[in-house]
Each structure stands twice: as C-alpha cells, then as structure tokens.
Amino acid sequence: MSEPTATRQPPLEDEIGAAEAACRAALAADCAGLAAVFPQAPATPEECFDLLNRYPDDKQRVARLGRLAAAAERAGVCGRHGFERYVALMATLAAFPRLRTLDVDDEVKRQYCAVCHQVIAADPGRDGRFAFDSDPFDHLARMVTLRRLPAGQICYDVLKPSFRGLLWWALMVHPLDLPRWIRQTVIGIGRGFFIEPHLSRWRARPDYMLKGEQERSFDLVARAIERDPRIKGFIAVSWLYSPEVGANFPHLAWVRDQLVDNDAYEVDLTLALPEFGFLVGSEKRRRLHAEGKFHPRQTFVLWRRDDILAWAKRRREQAGEGRPPPKPARQVDGGHKARPSHRIWSGEHSLIDCKRFLFYHRSLYALLTVLLPALAAAALVAGLGLPILALPVFIAAVVFMWLFQYFFLQ
C-alpha cells in the first residue's frame, strides 16, 4: 500500500522556509545591488509590498511601477520585465511572515510557496506575464500581497457585495430572470461575504484546465468557507459557464456541469467580449467565431454555502472509499436548464453596442444610461408643475431605461 500523500509532504514551516530562501537566492543572483545602482527603486521588501498592495486600483502606483520598470530597462539595470519580477519577489519576503500567521488552510500556504517557485523559474525576458500592465501581473500582485489566495488551478478573493457591483450585474440580467436573481443573490448573500474564483495565471500548467485539479481547487474553497461563517457562497462570472461552450466544445462541458449539476444557480448576463479569452488557444473557437457560429455569453454562477459544503462532504466521503462522488439528479428549479430559445436576449437587436462601455466604465454606464435619463424625466415633470408625479415618473423611467439598455445597448 502506498503511503498517503499528506505524510509525504514536508512540514509546512520547512516548505515556507525553502520558498523564502529560494526567493532570496533568486534576488541575489539576478538583482544584486539593484537598489544601489538604481536609487529610485524601492529598496526593502516592505516598500515593494506597499507598492503592489493596492495594485491595480491605485492608478498612481501603477504609473509609478511602469515608470520605474521602463527606467530600469533603459539604464540596463534589469532586462525586459526584470524590474517587475524583482518587485514581486521582494514583496514575497514581506509576505512570508504574514503567511505564517494567516488563518487559512495549510494547503493554501503550500500553494503560495508553489506560486513563488513558478515566479522564480519563469524567464521575465520571454514571459509576458510579468508586464506591469497585464492581467497575469495583476493576478501576481494580488497573490504576493495575500489579497488573492492561490488554490491550485484557481485562485480566489474573499469579497463583500457592494451596491455598485450588484447594480452592474442587474443591468445585464434578463427581465424575466431578475426576480429570482434578486432572491438568490441580494437576499441569499445579503450582507455576508462571498468567494470569487479566478483561473490562476501562475499555475504549473497554465495552458490546460483539468477537471480533477478544478475539483481539488473547489475543495480548498469549501475549506475556506467552512473556516469562515461570514462567507455565504461562491460567485463566478465567465464565458466558460455559457451553455454555448459545452454545446460546441463537449470536452469543456464539465466546467459548467461541475457546478450546475451540484446545485449551483446560474443566470445569463450578456455576450462576452473577445478580449475575455474565448479566442485564445483554440483555432476552432476562432474559426467558428469568425463564421458567426460561436458567441459565448458571460454567465453568472452562484454556489450557495450549504450547497458547496454538501458537495465537498460527498466528495471527501467518496474519496475515502476510492470512488468519485455521484452526479446528483438535476433539479427542476435549480437554474440548470440551457437558455430558453424563445426569449429575446441582449445583443440580438442592439442599436448601439455599448458592451465595452458597460464592462470598463461600470458606474458611468449606469449613470448615463439609466439614472440621468430618469432624473431628467422627473425634473421635467416637476418643472411642468406636477411635483407629486416626480417620484412615480422617476421609477417608471428607471424601469424603462433599464429595459432599453438591456435590449438595445448591449
């Protein structure tokens, strides 16, 4: 009989110490004396941690990092993207003491060490993931500062719903789905926290998605939920959960089925933009999209606390018996059906395509397309000497503009 995997792992403190030593060795080999040669650079781990700690939300810090990276490359102090790697590795030295006391599962701490080894092994001169303005570097900055936690194939944030975030999602929900979405999300999550997963850009095999690895990652998420009663569920938004993906690419159907077959609630949002990644890595997807035959839609998935914990319990019980967990029967009202074909969906009759505005300027989009027209209508009624009608007109105008933007602006 083989020895259990857990007993073959080195003690956690040894693993953290080895990762910390490897980061120091990499810095000594590649960036020795950088601070002395390049005095503008942050010279201590805490300075580097602070520089990345609010990246990319603090635009001044993003701009500073870009200026420093360009100046270091021009001066010959670092090669291409070498400065970004230096800052990330330095930030880990400030993060390791925090990691040791962080109230998370030990496996998450081991995964943090694995990310550090991935960063050390990567060649910044050839690896575009280190570009300071790229999405992978955003992932890295959040992970090395412990704002986003690694869990193998995925990484995750623990967030609290905001009014602006809920309003933004609501703008994309079909009118017939909105009452149930409000019941599931606004009432279901309430004032609690939720976990938002992301496919990790710094996993061992970044070009592949594996079902078994995804299950192990979800099990870590379930452990995080078990540890914190404030976390009410798991919310994900991606084109990967769109029914169109499984219909056209059966080998990816498991990504959606893994959730909705285990009682997750899903709802359609809007057409995905090409830059969201559905054209990357597949010639067939690019060809079908160019032919107008593949248009995946962003899909909202909510896996409630009780449901994900029940799945994790089944998985662990079956794993102890050496069998995979059974696939539960689909529920009639579980939100698992494909999109009804008889509906008119956003994107089918757009007068003006404002999806990029919707995704990249969320608050301004809501203000200009819904709130300002409604306020203007209410002000007009009040100006005509009918102030008693101002509030009803405002509410009616909000409903009308919300419907208008869903059907004609997305």
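Of note:
- Residue in the stretch 206-219 that is surrounded by fewer than 17 Cβ atoms within 10 Å (Cβ to Cβ), among the hydrophobic types (A, V, I, L, M, F, W, C) and not assigned by TED's automatic domain parsing to the domain that holds GLU107 present: yes
- Here is the figure for the stretch 354-409: residues that are assigned to a loop (DSSP other than H, G, I, E, B) and either touching a Phe, Trp or Tyr at 6+ places or on another chain (Cβ under 9 Å) or of a type in the set (Ser, Thr, Tyr) (or both) total 2.
- Put simply, of ALA32, ALA22, ALA72 the only residue that is loosely packed, with under 15 Cβ neighbours inside 10 Å and out of contact with any strand residue (DSSP E or B) (no Cβ under 8 Å at 6 or more places or on another chain) is ALA32.
- Looking across the stretch 75-114, the residues that are out of contact with any helix residue (DSSP H, G or I) (no Cβ under 6 Å at 6 or more places or on another chain), closer than 20 Å to PRO10 by Cβ and surrounded by fewer than 15 Cβ atoms within 10 Å (Cβ to Cβ) come down to PRO97, ARG100, THR101, LEU102.
- Residue match in the stretch 126-136 (condition: within 25 Å of VAL255 (Cβ to Cβ) and in contact with a strand residue (DSSP E or B) (Cβ under 6 Å, 6 or more places away or on another chain)): no
- Top-ranked residue in the stretch 28-62 [being charged (D, E, K, R) and assigned to a helix (DSSP H, G or I); ranked as farthest from the chain's Cα centre (by Cα)]: ASP30
- Being among the basic types (Lys, Arg), more than 18 Å from ASP50 (Cβ to Cβ) and either assigned by TED's automatic domain parsing to the domain that holds ARG223 or out of contact with any Ser or Thr (no Cβ under 7 Å at 6 or more places or on another chain) (or both) is a property that holds for ARG110.
- Among the candidates VAL87, VAL77, VAL108, residue that is hydrophobic (A, V, I, L, M, F, W, C) and within 21 Å of the chain's Cα centre (by Cα): VAL108
- Candidate set: the stretch 327-343, residues that are in contact with a helix residue (DSSP H, G or I) (Cβ under 7 Å, 6 or more places away or on another chain) and at pLDDT 55 or above; chosen: the one farthest from VAL221 (Cα to Cα): ARG339
- Whichever residue in the stretch 35-53 is modelled with pLDDT under 90 and under 15 Å from ALA91 (Cβ atoms) and, among such residues, is surrounded by the most Cβ atoms within 10 Å (Cβ to Cβ): ALA41
- Filter result for LYS293 (loosely packed, with under 15 Cβ neighbours inside 10 Å and modelled with pLDDT of 90 or more): yes
- With a requirement of 1 or more residues that are over 30 Å from CYS31 (Cα atoms) and at pLDDT 95 or above, the strands (runs of 3 or more DSSP E) lying completely within the stretch 102-212 that satisfy it span 154-159, 193-199.
Here is a yes/no grid of residues against (1) assigned by TED's automatic domain parsing to the domain that holds ILE231; (2) of a type in the set (Ser, Thr, Tyr); (3) closer than 30 Å to ALA224 by Cα; (4) in contact (Cβ under 8 Å) with a residue 60 or more places away in the chain:
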{"residue": "CYS48", "(1), (2), (3), (4)": "no, no, yes, no"}
{"residue": "LEU52", "(1), (2), (3), (4)": "no, no, yes, yes"}
{"residue": "LYS59", "(1), (2), (3), (4)": "no, no, no, no"}
{"residue": "PHE83", "(1), (2), (3), (4)": "no, no, no, no"}
{"residue": "ALA91", "(1), (2), (3), (4)": "no, no, yes, no"}
{"residue": "ASP105", "(1), (2), (3), (4)": "no, no, yes, yes"}
{"residue": "ALA114", "(1), (2), (3), (4)": "no, no, yes, yes"}
{"residue": "PRO124", "(1), (2), (3), (4)": "no, no, no, no"}
{"residue": "SER134", "(1), (2), (3), (4)": "no, yes, yes, no"}
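- Scanning the stretch 115-142 for residues that are of a type in the set (Gly, Ala, Ser) and buried (at least 18 other Cβ atoms within 10 Å of the Cβ) yields a count of 1.
- The number of residues in the stretch 246-284 that are surrounded by 19 or more Cβ atoms within 10 Å (Cβ to Cβ), in a loop (DSSP other than H, G, I, E, B) and of a type in the set (S, T, N, Q) comes to 1.
The values are calculated or read from the model by the stated rules, or taken from the named source; none is laboratory data. Bear in mind that the values here come from a model prediction, so they are computed numbers and not experimental data. Positions of Cβ are backbone-derived with ideal geometry, glycine not excepted, and every protein chain shown enters the neighbour counts.
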